[in-house]
Amino acid sequence: MEFTRSCELLLYFNPFPTEEELGSIASLIGLDLSRCQDMLPSRESTFQPRPIRLCGACYGEVPCHRMEWHYKAVMGVCQGHNLRLLERCPQCKKAFEIPALWTEDRCPHCKMRLTSMAKYQERVKVKGFISLSALVSLNNEEFGIDAAI
């Protein structure tokens, strides 16, 4: 039991890479160092790896897990859809596993599709907050762009 707990803690110990390490990664993937640095979260942002959270609506648009769902500043709300992030499968009520273990876009326990979980997410009204999709719509209207989001 102690070994399992130690391994679980090690999964989340992930210090920022040194400039040398980041430079090696940048050259490996063909980006310049400054672009790689821009892709990292700020050192001031705090990250909460548990519970695993997701937005079914985001997953329906692009099926990948997003790190921003775990920033403490996000407060459990999808910034793009203004929906409360899910921490458990709405069907079987089991907590989500680590995204690296996901092999398909379904709950591994009950097989509910992650994209269909969006209808179970609560819309959140935040005073003074406008969702990214609403902002893009307003911007499209201002410039006469007819584009659906």
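The values are calculated or read from the model by the stated rules, or taken from the named source; none is laboratory data. Computed from a prediction, not measured in an experiment: that's the story for all the values here. Cβ sites come from the backbone with ideal geometry, for glycine too, and all protein chains shown count toward neighbours. To get the accessible areas, we keep the full protein, side chains included, count just its heavy atoms, and leave off ligands, DNA and RNA. Shrake-Rupley method; radii C 1.70, N 1.55, O 1.52, S 1.80 Å.
Rank these by accessible area, largest first, 1.4 Å probe: Arg53, Arg106.
Arg106, Arg53
By accessible area of protein heavy atoms, probe 1.4 Å, what ranking do Glu122, Glu97, Glu20 get, highest first?
Glu20, Glu122, Glu97
Any chance you could look up the accessible area of Cys64 with a 1.4 Å probe, heavy atoms only, rounded to 10 Å²?
Here the accessible area works out near 60 Å².
Solvent-accessible area of Thr103, probe 1.4 Å, all protein chains present, reported in Å² to the nearest ten, please.
Its accessible surface works out to 130 Å², give or take rounding.
Given a 1.4 Å probe and the protein chains all in place, what does the accessible area of Ser116 round to, in Å² to the nearest 10?
Result for Ser116: roughly 40 Å² accessible.
Taking 25 Å as R0, compute the FRET efficiency from the Cβ-Cβ separation of Val124 and Ile29 and round it to 0.05.
So the FRET efficiency works out to roughly 0.10.
Could you calculate the FRET efficiency of His109 with Met75 from 1/(1 + (r/R0)^6), where r is the beta carbon distance between them and R0 is 30 Å, rounded to 0.05?
That pair, His109 with Met75, gives E of 0.65.
So for Asp38, Asp105, Asp32, what's the accessible-area order with a 1.4 Å probe, most first?
Of Asp38, Asp105, Asp32, the descending order of accessible area is Asp38, Asp32, Asp105.
FRET efficiency for Glu68 and Glu20, Cβ-Cβ distance as r, R0 = 35 Å, nearest 0.05?
0.85
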